[in-house]
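Worksheet: the structure to be examined is printed underneath.
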Amino acid sequence: MPISASLATLTADEITSNRAILEREGLAGPDVHFSYVGLVEPDKRALLVDGTADRRVRSMLVDMATNDSWDVVVSLAQGAIVSTHKLDHAVDGQVPVVLDEFHVVEVIKQNPEWQAAMAKRGLTDFDKLVINPLSAGVLSEAETGRRIQRCFTFVMDSPDDLGWAHPVDGVTVMFDVVTQEVLEVVDYVELPVPLESGNFHLASWRGPDREGVKPIEITQPQGPSFTIGQDGRLSWLGWNLQVGFDQREGLVFHNITIDDEGTARPVIYRASIAEMMVPYGDPSPQRWFQNFFDCGEYLLGGFANSLELGCDCVGDITYLDAVVAGNDGHPNVIPQAICIHEEDTGILWKHTDNWNGSSVSRRNRRLVVSFFVTVGNYDYGFYWYFGLDGTIEFEVKATGVVFTSAYPGAGTGSSHYLFASELAPGLGAPYHQHLFSARLDMMVDGLGNSVDELEAALVPRGPENPTGTGFTQLVTRLKTETDAQRLADNAKGRAWLVTNPSVQNRLGNDVGWVLLPEGRPVLLADAESDIHKRATFSTKHLWVTEYEPSELYPAGDFVNLHPGGAGLPAWTKADRNVDDNDIVLWHTFGLTHFPRVEDWPIMPVDTCGFVLKPHGFFGRNPAMDIPESSGDHCAPSGHDHGGHEGHDHHGH
Ligand code: NI
């Protein structure tokens with residue numbers, strides 16, 4: 001059995017078997033919701049030796065009648081539970097949000113305090129009001145151990161109205177979704193509900209289409225250059241990788257290798273986006289708690305869209321379905337969730353040589369593996385790109401509707417609220433960030449890897465640099481987990497090089513792969529804040545840890561209603577060696593979003609991400625073997641096709 005069989009995404013049959021075993025063991029009662037179901041990956045160190053492992057399934061369960069919850073692992077081969085942990089909510093946090101919690105909040109409409117708060121604002125037709133439950137964090141002793149949602153209210157003027165255009169500001173309801181009690185209604189400020197509609201989904205609202213938009217057709221008459229085989233093994237022009245999908249992380253890749261003259265050389269053992277978190281920067285009593293962990297609290301993979309050819313993806317597309325579990329524990333197949341295609345990306349390399357008269361160029365293309373999710377108001381595309389020159393790039397496409405508020409002091413012409421933009425008359429959008437954590441289990445030519453920090457530096461004026469124009473690259477080894485908690489510094493071009501000290505290139509240097517960060521702001525909240533404790537991972541651009549199979553999520557396993565401190569800050573207290581060791585890189589990147597007027601009513605895609613490139617891994621440009629394109633307008637290579645006579649053939 002190939003290793004890929006042990007790492008393949010759970011099948012519908014395996015999800016069904018898992019449920020049957022838990023039911024037989026009395027853990028799938030009528031009020032039990034399956035919050036998360038996923039593959040327990042075998043320990044890499046054993047799998048790479050043994051080549052095979054038991055298929056195990058992890059389920060996170062919550063009984064919505066009692067608020068008991070469990071973290072259970074089942075062995076499918078043994079047909080039995082191999083471990084059960086009943087959560088102590090005050091210490092462990094809680095299992096992720098289940099869909100039922102979005103519905104039970106309707107009960108709030110019967111609460112007299114909420115009704116009074118709405119009536120005070122002239123809102124008496126409760127059928128037009130939408131209760132919006134938000135993940136809660138842990139704010140007070142009184143709430144500890146409870147399963148809570150904090151709820152805002154929005155107005156929908158009609159069933160097809162966009163409710164985000166009409167936030168009812170100043171009111172937050174603290175609601176226990178198990179006991180269905182309203183614990184508190186915060187009602188601190190009265191602001192007019194913004195009236196202007198934002199119904200971009202209605203042609204009548206948008207107005208006429210722009211004229212003159214002609215079709216662009218992308219055709220690949222001989223089909224795409226990739227093949228996809230068993231267990232999601234994907235091959236493309238020298239790249240090999242296994243495509244998987246998880247309810248929490250979405251796309252997961254295993255065993256990414258790249259061809260070097262016939263040898264498949266490992267680069268990354270496992271790559272995923274292990275967390276994403278959206279902290280809001282408005283400290284007002286209504287929304288200071290507002291932070292969403294879209295992986296850890298909401299399990300974004302389960303919200304993958306079914307993609308449509310010609311709209312979401314163009315060209316010669318291969319789709320894969322995503323198989324996840326529903327909250328009932330049964331398999332839920334999301335058709336066409338994963339999109340695989342090739343994209344032309346312009347010039348790969350090109351030179352016109354004024355001395356020998358040659359003119360050579362090659363076109364670039366990339367392999368794209370992507371999916372799109374909707375998490376509440378926002379939509380995110382997760383795009384992984386693999387390039388002919390060895391570049392691996394990850395890009396988030398953030399779109400959808402920004403979270404809205406009423407804008408304090410709207411219409412006065414002189415007001416400026418510190419913590420939000422005004423997008424339409426009286427409509428605000430609180431400042432916020434979208435912070436992602438990529439978990440990159442590196443395997444550059446083997447398991448023993450190290451990380452060097454690279455940065456540009458002036459060399460002090462002196463005998464080595466008499467003119468003051470000398471600059472160099474500083475290389476600093478990050479030896480332990482404490483050393484390796486780093487911020488980017490774009491003024492120094494700071495980057496992180498993952499090397500294998502046991503493998504050298506033809507020049508005698510350790511082979512490597514470099515992580516190029518975008519270096520945008522990390523978490524903007526002070527060290528004593530609630531969110532700093534819960535999302536410490538997002539306070540550094542880089543963490544490096546020793547591989548440990550249970551260390552998967554940078555804010556811990558149970559982020560929902562967790563008091564904080566879990567994940568990276570807890571693990572790295574051991575300050576383990578990360579020099580020439582089996583290591584995992586955790587890279588924080590993201591957007592700091594001060595919404596623009598143009599982001600309303602639907603936001604044009606904004607992007608963030610990171611790049612990985614081979615750095616001394618190959619012996620030269622690895623894309624010398626790319627054939628020239630056969631387009632009508634592409635001249636043959638290597639020839640002097642005139643026009644050079646009379647040029648000055650001198651260097652620059
Ligand atoms: Ni945003």
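Residues being on the phi < 0 side of the Ramachandran plot, modelled with pLDDT under 95 and assigned by TED's automatic domain parsing to the domain that holds Ile273 are entirely absent from segment 542-561. The number of residues in segment 49-74 that are among the hydroxyl-bearing types (Ser, Thr, Tyr) and open to solvent by less than 40 Å² (accessible area, probe 1.4 Å) comes to 2. Against the test of being at positive phi and open to solvent by less than 20 Å² (accessible area, probe 1.4 Å), the options Gly38, Gly93 yield a single qualifying residue, Gly93. Just one residue in the set Asn465, Asn490, Asn505 is open to solvent by 80 Å² or more (accessible area, probe 1.4 Å) and not aromatic (Phe, Trp, Tyr); that residue is Asn490.
If you go through segment 442-482 and keep only what is over 21 Å from Phe617 (Cβ atoms) and in contact (Cβ under 8 Å) with a residue 24 or more places away in the chain, you end up with Ala456, Ala457, Lys479, Thr480, Glu481, Thr482.
Note on segment 34-110: enclosed helices (runs of 4 or more DSSP H) holding 3 or more residues that are not aliphatic (A, V, I, L, M) are 44-50, 100-104. Against the definition (closer than 17 Å to Ala406 by Cβ, outside the structural domain of Asp63 (by TED's automatic domain parsing) and touching an Asp or Glu at 6+ places or on another chain (Cβ under 9 Å)), how does Val178 come out, yes or no? No. Of the strands (runs of 3 or more DSSP E) lying entirely inside segment 171-240, those carrying at least 3 residues that are touching a residue at least 12 places away in the same chain (Cβ under 8 Å) are 181-187, 233-236.
Taken as a whole, the condition of being open to solvent by less than 30 Å² (accessible area, probe 1.4 Å) and more than 20 Å from Leu87 (Cα to Cα) applies to Ala535. Each residue in segment 1-17 was checked for being open to solvent by less than 30 Å² (accessible area, probe 1.4 Å) and touching a helix residue (DSSP H, G or I) at 6+ places or on another chain (Cβ under 9 Å), and 6 of them qualify.
Would you confirm, using the coordinates I've provided, whether Val451 is away from the ligand (no atom under 16 Å from the Cβ), in the same structural domain as Asn577 (by TED's automatic domain parsing) and among the β-branched types (Val, Ile, Thr)? Spelling it out, Val451 is indeed away from the ligand (no atom under 16 Å from the Cβ), in the same structural domain as Asn577 (by TED's automatic domain parsing) and among the β-branched types (Val, Ile, Thr). For segment 588-604, how many residues meet the condition of being charged (D, E, K, R) and more than 8 Å from the ligand (Cβ to nearest atom)? Within segment 588-604, residues that are charged (D, E, K, R) and more than 8 Å from the ligand (Cβ to nearest atom) number 2.
Taking the listed residues Val252, Val333, the one that is in contact with a Phe, Trp or Tyr (Cβ under 9 Å, 6 or more places away or on another chain) and modelled with pLDDT of 95 or more is Val252, with no other qualifying.
Asp353 meets each of the listed conditions (1) in contact (Cβ under 8 Å) with a residue 24 or more places away in the chain; (2) open to solvent by less than 40 Å² (accessible area, probe 1.4 Å) apart from (1). Among Asp316, Asp321, which is touching a Pro at 6+ places or on another chain (Cβ under 7 Å), touching a residue at least 24 places away in the same chain (Cβ under 8 Å) and open to solvent by 40 Å² or more (accessible area, probe 1.4 Å)? When all the criteria are applied, what remains is Asp316.
Taking the numbered list (1) open to solvent by 10 Å² or more (accessible area, probe 1.4 Å); (2) over 18 Å from Val511 (Cβ atoms) in turn, Ala438 passes all entries but (1). I want to confirm something. Restricting to segment 199-221 and keeping residues that are surrounded by 11 or more Cβ atoms within 10 Å (Cβ to Cβ) and within 32 Å of the chain's Cα centre (by Cα), which single residue is farthest from Val402 (Cα to Cα)? In this case the residue turns out to be Gln220. Tallying residues that are on the phi < 0 side of the Ramachandran plot and free of Cβ contacts under 8 Å to residues at least 24 places away in the same chain within segment 393-421 yields 6. Reported count of residues in segment 346-364, each being within 22 Å of Val611 (Cα to Cα) and touching a Gly at 6+ places or on another chain (Cβ under 8 Å), is 2.
The values are calculated or read from the model by the stated rules, or taken from the named source; none is laboratory data. Predicted model only: the values in this text are computed from it and were never measured. Heads up, the Cβs are rebuilt from the backbone with ideal geometry, glycines too, and the neighbour counts pull from every protein chain shown. Just the protein is used for accessible areas: all its heavy atoms, side chains included, with ligands, DNA and RNA removed. Shrake-Rupley method; radii C 1.70, N 1.55, O 1.52, S 1.80 Å.
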